[in-house]
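The values are calculated or read from the model by the stated rules, or taken from the named source; none is laboratory data. These figures come from a predicted structure and were not determined experimentally. Cβ: placed from backbone, ideal geometry, glycine included. Neighbour counts: every protein chain shown. Remember, those area values only see protein heavy atoms, side chains included, never the ligands or the DNA or RNA. Shrake-Rupley method; radii C 1.70, N 1.55, O 1.52, S 1.80 Å.
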Amino acid sequence: MMKSIRELYRFEIYKILHSKLTVSFVLILVALSVIMGLQLSKGARDLIIYDEVRTLNGLVINDETVDRMNADLVNIDGLEKEENYKYTGLAHTVNMINEGDGLISAEQFYQNRLKFQHLNMEELRLSDGEKQWWTEQEAEIQKPFVYVPQLNVKTFAEYMTNICLMAILLTAICLSGVFAGEYRNNMDQLMFSCRNGRRQTFVAKIAAGMTFSIVWILLFTILLALSLWLRTGLDGLSGVIQLEVPYSAYNLSFLQFIGIQIVIVVTATVLFAAMAMALSAIFKNGVAVMGTMVGIYLISQFVNIPLKFRLISQVKAMFPTELITVWSLADFRLIKIAGNYHSMYSVAPAIYIIIAIVLVLAGHLAFKQSQR
Amino acid sequence: MRIKVDRVSKHFKNKIAVDRVSFELQEGVTGLLGANGAGKTTLLRMMAGILEPSGGEIKANDIPVFTEEYRALLGYLPQNFGYYPDFSARKFLMYIASLKGIEKKVAVSKTEELLEVVGLSDVANKKIRTFSGGMKQRVGIAQALLNDPRILILDEPTAGLDPGERAKFRDLIGEIGKNNIVLFSTHIVSDLERVAGRVLMMRDGAFVYDGEWSDAEGDLEALYLKELKR
């Protein structure tokens with residue numbers, strides 16, 4: 001049976017890759033990945049004193065550093081100079097939580113972190129158990145922070161949201177015809193009359209669609225990273241995520257966070273691919289699949305659910321396009337499973353895979369019962 | 001080998017397409033005659049395992065129709081034969097061979113053999129979308145024969161074939177029918193000439209004639225014309 005599936009899988013991959021729609025759309029996404037990467041690196045390059053910024057690498061964010069930064073800051077005259085100010089990144093971190101107090105000291109920075117953290121927990125309506133969990137996490141974060149110029153990796157992490165969007169579009173456009181195309185070409189009759197035309201064909205199609213999507217999404221991510229790295233390097237991977245979201249209580253470096261993002265994007269791609277193919281088997285119409293997937297994406301983006309509706313708003317926060325954003329590092333809502341709390345990052349990939357399995361089963365049922 | 005169709009019916013909403021049809025088929029060629037809408041295609045689809053009957057059952061040597069085991073015995077050419085326009089004839093046949101679970105080595109030699117039989121060897125690497133209607137139909141016939149089927153079901157196989165191709169097709173079917181069950185539908189009586197041992201004629205989802213071609217040759221033409229005028 002495995003041999004038959006392998007042979008069918010080869011043909012399914014061939015079919016997906018030889019679709020004109022796939023070829024043109026993948027080429028567009030490849031170009032987009034490179035352009036995004038180059039734009040990213042341009043941001044860093046535009047800082048005339050980028051090399052000077054790099055000299056700040058490893059500075060401990062303490063009173064001495066912040067005082068020096070503040071002293072330099074008051075000497076700036078004019079916006080143009082400010083853009084090229086070597087402390088830009090550091091000032092961005094420190095002043096993000098200054099509460100409009102003007103220049104703050106390192107001590108105030110660390111105090112404000114905890115204050116913002118607390119306010120955030122209240123706003124998110126966390127339970128006492130959740131607050132306790134975060135207090136324990138916060139205790140593990142090493143302070144004072146060490147400054148690492150993180151402009152590139154920070155923007156890279158932000159652009160991962162675009163990779164997630166690419167995954168939705170790629171699967172919706174390129175996989176919508178995996179089953180629907182067979183009905184359109186009248187191939188379903190032949191297929192269903194063949195020995196391996198039901199179960200084995202279904203498995204081969206799903207495997208081919210998954211492989212295609214995951215490989216391309218990883219490739220887009222690598223292209224994005226390479227375009228950036230070749231021009232400016234990937235400084236800042238070792239920096240703590242608090243340099244970007246100062247009051248976050250996640251004990252993570254940028255490298256770890258990007259790792260989490262990659263896991264999210266890959267499992268989300270599995271989910272999107274499963275959805276596109278299941279809908280393709282159910283609707284038997286490629287356009288309906290694309291419409292449904294784009295519709296779900298638009299709803300997830302434009303419908304704002306107030307935090308007071310904790311469950312629904314948290315479900316929405318676990319949508320891949322939301323969870324992958326850098327600002328999800330400030331979302332402290334946890335998930336309680338069997339009496340233990342888990343972060344959304346650790347649960348979401350498993351949920352995506354479970355939903356994907358359910359969708360694949362639904363697609364299988366539709367395909368199995370298809371008749372002509 | 002024996003196919004048993006036992007009180008098989010198919011309803012589409014309020015329409016009865018096939019009405020409690022029973023018959024048995026053994027090795028040999030059987031022609032299925034009937035005007036458009038008589039229920040031929042519906043009956044053949046049920047026998048090919050792509051449409052579930054509303055009632056009754058179909059078995060080949062006690063193997064139910066909706067099983068892999070049954071499909072392994074089957075070769076089927078649907079009425080509106082589907083294909084991938086951008087596949088070459090050779091690639092398409094190789095694909096169908098993998099759908100039929102034929103080992104790659106066997107598939108390669110069988111594909112070449114059948115391309116030769118249906119006269120498409122010279123254009124085997126050309127895309128199917130560049131083919132004429134008759135050439136496409138010959139690809140369809142070739143794919144149905146890939147697994148040396150013990151049961152061959154052909155729905156209007158001669159559609160689009162020129163007179164020379166029809167004659168060749170009849171010879172081919174006659175040869176296959178010596179050891180296998182062949183059931184093919186047509187609305188052209190002459191297609192069955194010299195080939196069909198038995199003829200079934202359908203009207204409104206039921207058989208109005210079931211007999212040997214040799215018994216009814218002259219009458220059959222007249223009977224069929226009468227049925228068409230109804």
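Just a few scattered comments:
- For the pair the stretch A:124-166 / the stretch B:22-85, the C-alpha centres are spaced 62 Å from each other.
- For the stretch A:80-158, the Cα-based Rg and Dmax, in that order, read 15.1, 48 Å.
- Take the protein assembly as shown with all the other protein chains still there, run a 1.4 Å probe, and you get 44 Å² of accessible area per residue.
- Degrees separating the helix A:286-302 axis from the principal Cα axis of chain A, which is the longest one: 20 degrees
- When the solvent-accessible area of the stretch B:141-217 is split by element, carbon and sulfur atoms take up 47 percent of it, the probe being 1.4 Å.
- Gaussian network model of chain B, Cα within-10 Å springs - most flexible of B:ALA89, B:ALA159, B:ALA142: B:ALA159
- Rounded to whole Hz, the Karplus (6.51, -1.76, 1.60) HN-Hα couplings of the stretch A:323-340, x for glycine and proline: 5, 7, 6, 4, 6, 5, 5, 9, 8, 8, 5, 10, 10, 9, 10, 6, x, 10
- In this structure A:GLU64 has an accessible area near 120 Å², from a 1.4 Å probe over the protein heavy atoms.
- Other-chain or far-sequence residues with amide H under 5 Å of B:LEU154's (modelled H): B:LEU77, B:LEU183, B:PHE184, B:SER185
- Axis of helix A:151-174 versus longest Cα principal axis of chain A: the two differ by about 20°, to the nearest ten degrees.
- In the stretch A:355-372, burial by the other protein chains removes 50 Å² or more of accessible area from A:GLN371, A:ARG372, compared with the chain on its own (1.4 Å probe, ligands and nucleic acids ignored).
- Theoretical FRET efficiency, 1/(1+(r/R0)^6), r = Cβ-Cβ of A:VAL215 and A:ASN186, R0 35 Å, to 0.05: 0.70
- Solvent-accessible area lost in complex, 30 Å² minimum, residues of the stretch A:193-210 relative to chain alone, 1.4 Å: A:SER193, A:CYS194, A:ARG195, A:ASN196, A:ARG198
- Candidates B:LEU154, B:LEU114, B:LEU32: whichever shows maximal mean-square fluctuation once chain B is modelled as a Gaussian network with Cα springs under 10 Å: B:LEU114
- Computed from protein heavy atoms with a 1.4 Å probe, the total accessible area buried between A and B is close to 2800 Å².
- Options A:ILE16, A:ASN112, A:ILE61, ranked by Cα towards positive dipole end of chain A, top entry (Cβ charges): A:ILE16
- Charging the Cβ of each Asp and Glu at -1 and of each Lys and Arg at +1, and nothing else, the dipole of chain A about its Cα centre rounds to 2720 debye.
- Distance (nanometres) between label positions extended 7 Å along Cα→Cβ at A:LEU361 and B:ALA206: 4.5 nm
- GluC sites (Glu not before Pro) within the stretch B:151-196, DSSP loop, no more than 15 other Cβ atoms inside 10 Å: B:GLU193
- Principal-axis tilt of helix A:20-45 within chain A, Cα atoms, nearest 10 degrees: 10 degrees
- Share of carbon and sulfur in the accessible area of the stretch A:299-348 stands at 67%, probe radius 1.4 Å.
- Net +/- balance of residues flanking B:ASP148 in space, Cβ distance below 11 Å, scoring K and R +1, D and E -1: +2
- If R0 is 60 Å, the Cβ-Cβ spacing of A:ALA139 and B:ASN80 corresponds to a FRET efficiency of close to 0.30.
- Most positive-pole-ward Cα, A:VAL287, A:LEU311, A:THR88, against dipole of chain A from beta carbon charges: A:VAL287
- Candidates B:PRO85, B:THR42, B:ALA142 compared by Cα position along the dipole of the stretch B:1-146: farthest toward the positive end lies B:PRO85, with charges placed on Cβ.
- Accessible surface of A:TYR14 - all protein chains present, 1.4 Å probe, nearest 10 Å²: 60 Å²
- Estimated from the Cβ-Cβ distance and a Förster radius of 30 angstrom, the FRET efficiency linking A:MET96 and A:ILE353 is about 0.30.
- Kyte-Doolittle at least -0.5, axis length at least 18 Å by Cα - qualifying DSSP helices, chain B: B:104-117, B:133-145
- C-alpha center-to-center spacing [the stretch A:295-365, the stretch B:157-212] in angstrom: 60 Å
- In chain B, helical runs assigned H by DSSP with n ≥ 4 each contribute -39500 (n - 2.57); averaged across all residues and rounded to the nearest 500, the mean residue ellipticity at 222 nm is -11000 deg cm²/dmol.
- In the stretch B:143-192, no residue has its accessible area drop by at least 20 square angstrom when the other protein chains are added to the isolated chain; the probe is 1.4 Å and only protein heavy atoms count.
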